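Accompanying notes for the structure given below.
The values are calculated or read from the model by the stated rules, or taken from the named source; none is laboratory data. What you see is a predicted model, and the numbers here were worked out from it, not measured in a lab. No Cβ is skipped: glycine too gets one built from the backbone with ideal geometry, and neighbour counts run over all protein chains shown.
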């Protein structure tokens with residue numbers, strides 16, 4: 001939890017930077033552990049409920065541990081009309097999980113996201129921070145292989 | 001700054017799209033190959049921001065020859081360097097080819113996609129390294145700021161913006177100068193300024209591109225605005241999903257501070273202005289200005305009712321002015337080249353240019369900048385090259401979830417704020433998503449309502465509950481369980497939500513349903529009365545089968561079927577097993593002989 005203290009210090013313990021702190025913690029830990037939120041509440045001197053309010057309001061946050069690799073399927077309009085739904089079907093079938101879930105081996109978490117702003121390459125999936133564009137159902141397996 | 005004179009420059013696109021296609025490796029390979037031939041002293045490789053033609057990435061342009069290369073792979077680099085730089089003839093394999101039977105086009109300015117554009121906001125795209133302030137300055141960067149700070153009063157700046165006719169590029173098109181004037185007149189010792197880079201509309205990415213390709217233009221615009229209204233501090237609220245944009249704008253801030261163009265005592269004029277980057281939390285509603293301000297303050301991004309407007313009571317209760325990325329990027333060039341010049345572009349009430357993201361079922365998809373008032377047809381066919389696969393154009397969705405679908409009968413519509421609103425859509429941030437005959441308009445309406453149900457903040461009842469009711473009705477219709485009264489209920493709900501929701505998200509949320517009902521009612525009726533999806537999309541209403549007359553037994557469909565529902569011998573007609581088929585349509589997309597029938 002040392003990282004959490006460091007992150008809070010980075011933002012000068014200001015309560016207006018709570019969202020940024022949570023983002024950094026999530027980046028570090030993969031999700032927002034309850035202990036980390038408690039530390040933030042203590043050090044910034046805000047009620048824990050305010051942190052939960054932020055963590056549940058904003059899409060970017062997760063309160064449960066996620067997989068080693070996050071598969072983001074873009075569901076922006078361009079991706080939608082170019083077959084994002086088919087990619088989701090295929091991913092759900094291949095990984096045997098639903099949107100928002102994590103595989104049993106902790107390898108992948110599948111999440112639908114709003115437009116990632118790569119509409120020229122639709123349909124797009126983003127794994128960790130790597131973009132894969134112009135995909136068809138057939139490409140899905142090959143793309144996933146790269147991630148251990 | 002590297003002042004060595006090079007004979008030729010290779011501009012390699014490093015926008016997010018091209019980077020994801022490996023453009024940075026292409027850059028290294030080019031440098032290595034040039035060095036191998038001893039050309040590294042003559043040819044310089046530069047990485048630039050997004051050049052707009054994302055679909056064809058990775059892209060590189062050779063200047064001054066103006067030769068455009070697309071879809072580059074590492075294998076292409078040795079022959080390309082040999083042909084172009086040693087032998088002096090453009091490398092044909094990576095040139096743009098408009099259609100199967102047409103000739104390759106070497107020069108960028110001869111390609112329809114680029115030829116018909118007019119670059120004002122995107123003036124620096126693809127011609128400079130966005131991470132080098134010197135290059136921005138070399139292209140007249142910060143001249144507008146110098147002019148504003150040393151020879152104009154705040155009133156004169158606002159007057160100039162007013163005379164240019166600049167309207168907000170974020171959605172509603174409110175005159176920028178009027179907003180600035182309100183904030184300027186507000187009585188307070190502390191005022192704030194915000195750049196809204198929470199580009200939430202799915203299918204629109206111009207703001208990301210501007211931040212990635214020309215971050216200094218945004219900073220310069222904001223600083224000019226700050227001088228005009230008397231702001232001490234600015235915030236750029238940018239989506240966390242845009243890591244490259246965040247990175248570039250942060251670098252730009254550091255560089256501008258080093259050069260005395262931002263921070264304390266800017267250009268020795270005694271004017272102080274600082275900018276901070278705030279990363280958004282991934283909530284569409286935060287594009288609404290009051291929600292965005294709540295988010296900057298570290299609160300959940302829920303909108304509040306207006307008035308008071310941000311110009312009176314904004315961030316932390318202080319007068320605040322908000323404009324979006326594209327609006328800010330327009331400001332420096334208006335001040336530098338003058339309002340008179342700017343006002344010659346566009347139409348009577350919509351001045352200047354607009355950047356559109358032309359995406360979806362279109363041949364040339366990417367970012368395009370055109371003068372306001374250009375007919376929709378020219379964007380879609382002139383620049384976009386029409387619909388792929390010879391399919392028929394059906395509609396174009398403009399303005400994101402708050403916008404609407406414009407049908408083929410309105411293709412000659414001049415695109416400006418007023419004309420789009422008359423058609424029931426809005427300009428919005430400039431997403432143009434093209435749909436062809438295989439796009440179901442009821443499915444599209446449901447798509448947007450789903451999006452909005454998800455993104456509704458839940459504060460007001462019409463939006464929180466009303467949208468869910470609309471969603472339930474639409475779900476019934478696409479499942480083939482719609483009733484005759486459903487269309488009437490949808491219309492009634494839509495009008496109620498439009499008139500009673502708290503913020504812009506709710507007020508405009510019914511637009512996708514209203515415009516599809518207006519222009520494509522017969523498609524709703526086909527779902528309800530005939531239990532038929534004319535576009536062949538809604539899974540509950542369609543079955544796929546193979547026409548034995550047309551099937552050549554090429555096996556492509558069987559290989560593309562994700563559930564192995566297709567069987568058949570090679571060179572014999574194939575069959576789909578109805579029990580296994582999920583109606584996903586992959587076979588239809590893959591078939592080259594139109595042998596897949598959807599009923």
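Annotations
- Strands (runs of 3 or more DSSP E) lying entirely in segment B:353-448 (those with 1 or more residues that are within 13 Å of chain A (Cβ to nearest Cβ) and under 25 Å from residue B:51 (Cβ atoms)): B:353-360, B:366-371, B:393-398, B:431-436
- Being assigned to a loop (DSSP other than H, G, I, E, B) and either in contact with a strand residue (DSSP E or B) (Cβ under 6 Å, 6 or more places away or on another chain) or away from chain A (no Cβ under 14 Å) (or both) is a condition met by at least one residue of segment B:9-21.
- Qualifying residue in segment B:317-328 (condition: assigned to a loop (DSSP other than H, G, I, E, B) and in contact with a strand residue (DSSP E or B) (Cβ under 9 Å, 6 or more places away or on another chain)): yes
- When residues in segment B:82-117 are screened for being buried (at least 18 other Cβ atoms within 10 Å of the Cβ) and in a loop (DSSP other than H, G, I, E, B), 6 of them pass.
- Residues that are within 11 Å of another protein chain (Cβ to nearest Cβ) and crowded, with 23+ Cβ neighbours inside 10 Å were ranked within segment A:65-76; the one that is nearest to residue B:582 (Cα to Cα) is A:75.
- Residue pairs whose Cβ atoms lie under 7 Å apart, sitting 6 or more positions apart in sequence or on different chains, and linking a residue in segment B:499-520 that is more than 18 Å from residue B:428 (Cβ to Cβ) to a partner that is part of a loop (DSSP other than H, G, I, E, B), are B:502/B:303; B:502/B:305; B:502/B:459; B:502/B:460.
- Filter pass, residue B:317 being loosely packed, with under 15 Cβ neighbours inside 10 Å and away from every other protein chain (no Cβ under 14 Å): no
- Here segment B:229-245 is the region considered, the condition is being within 13 Å of another protein chain (Cβ to nearest Cβ) and assigned to a loop (DSSP other than H, G, I, E, B), and the residue that is farthest from the chain's Cα centre (by Cα) is B:240.
Residue-by-condition table, conditions (1) modelled with pLDDT of 95 or more; (2) surrounded by 21 or more Cβ atoms within 10 Å (Cβ to Cβ); (3) more than 10 Å from chain B (Cβ to nearest Cβ); (4) in a loop (DSSP other than H, G, I, E, B):
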{"site": "A:50", "(1), (2), (3), (4)": "yes, no, no, no"}
{"site": "A:54", "(1), (2), (3), (4)": "yes, yes, no, no"}
{"site": "A:63", "(1), (2), (3), (4)": "yes, no, yes, yes"}
{"site": "A:78", "(1), (2), (3), (4)": "no, yes, no, no"}
{"site": "A:86", "(1), (2), (3), (4)": "no, no, no, no"}
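- Residue list for segment B:63-81, filter: at pLDDT below 95 and part of a strand (DSSP E or B): B:63
- Of the residues making up segment B:22-49, those that are in contact with a strand residue (DSSP E or B) (Cβ under 7 Å, 6 or more places away or on another chain), farther than 15 Å from residue B:61 by Cβ and buried (at least 21 other Cβ atoms within 10 Å of the Cβ) number 1.
- Within segment B:380-434, considering residues that are free of Cβ contacts under 8 Å to residues at least 60 places away in the same chain, crowded, with 24+ Cβ neighbours inside 10 Å and in contact with a helix residue (DSSP H, G or I) (Cβ under 7 Å, 6 or more places away or on another chain), the one farthest from residue B:505 (Cα to Cα): B:396
- Contact annotation: residue pairs with Cβ atoms under 6 Å, 6 or more positions apart or on different chains, pairing a residue in segment B:199-225 that is within 14 Å of chain A (Cβ to nearest Cβ) and on the phi < 0 side of the Ramachandran plot with a partner that is surrounded by fewer than 24 Cβ atoms within 10 Å (Cβ to Cβ) and part of a helix (DSSP H, G or I), are B:212/B:244; B:212/B:248.
- Boolean, residue A:98 is surrounded by fewer than 23 Cβ atoms within 10 Å (Cβ to Cβ), touching a strand residue (DSSP E or B) at 6+ places or on another chain (Cβ under 8 Å) and at pLDDT 90 or above: yes
- Residue B:74 more than 14 Å from chain A (Cβ to nearest Cβ), within 28 Å of residue B:136 (Cα to Cα) and touching a residue at least 40 places away in the same chain (Cβ under 8 Å): no
- Residue in segment B:132-146 that is in contact with a helix residue (DSSP H, G or I) (Cβ under 8 Å, 6 or more places away or on another chain) and either assigned to a strand (DSSP E or B) or more than 29 Å from residue B:339 (Cα to Cα) (or both) present: no
- Matching residues in segment B:581-599 - criterion: being outside any strand (DSSP E or B) and within 9 Å of residue B:544 (Cβ to Cβ): B:581, B:583, B:584, B:585, B:587, B:588, B:599
- Qualifying residues in segment A:107-135 (those that are more than 7 Å from chain B (Cβ to nearest Cβ), in contact (Cβ under 8 Å) with a residue 40 or more places away in the chain and in a loop (DSSP other than H, G, I, E, B)) - the one farthest from residue B:201 (Cα to Cα): A:107
- Residues of segment B:170-193 classified as in a strand (DSSP E or B), closer than 27 Å to residue B:418 by Cβ and either modelled with pLDDT under 95 or within 14 Å of chain A (Cβ to nearest Cβ) (or both), total: 0
- If you go through segment B:562-580 and pick out every residue that is closer than 11 Å to residue B:596 by Cβ and in a loop (DSSP other than H, G, I, E, B), you end up with 1.
- The helices (runs of 4 or more DSSP H) found wholly in segment B:495-548 and carrying at least 2 residues that are within 17 Å of residue B:403 (Cα to Cα) occupy B:504-508, B:511-519.
- Qualifying residue in segment B:263-274 (condition: under 26 Å from the mean Cα position of the chain (by Cα), away from chain A (no Cβ under 14 Å) and either in contact (Cβ under 8 Å) with a residue 40 or more places away in the chain or not in a loop (DSSP other than H, G, I, E, B) (or both)): no
- Residue tally, condition touching a helix residue (DSSP H, G or I) at 6+ places or on another chain (Cβ under 7 Å) and either under 19 Å from residue B:36 (Cβ atoms) or not assigned by TED's automatic domain parsing to the domain that holds residue B:24 (or both), over segment B:70-84: 7
- Residue check for residue B:369: out of contact with any helix residue (DSSP H, G or I) (no Cβ under 7 Å at 6 or more places or on another chain), touching a residue at least 12 places away in the same chain (Cβ under 8 Å) and closer than 30 Å to residue B:154 by Cα: yes
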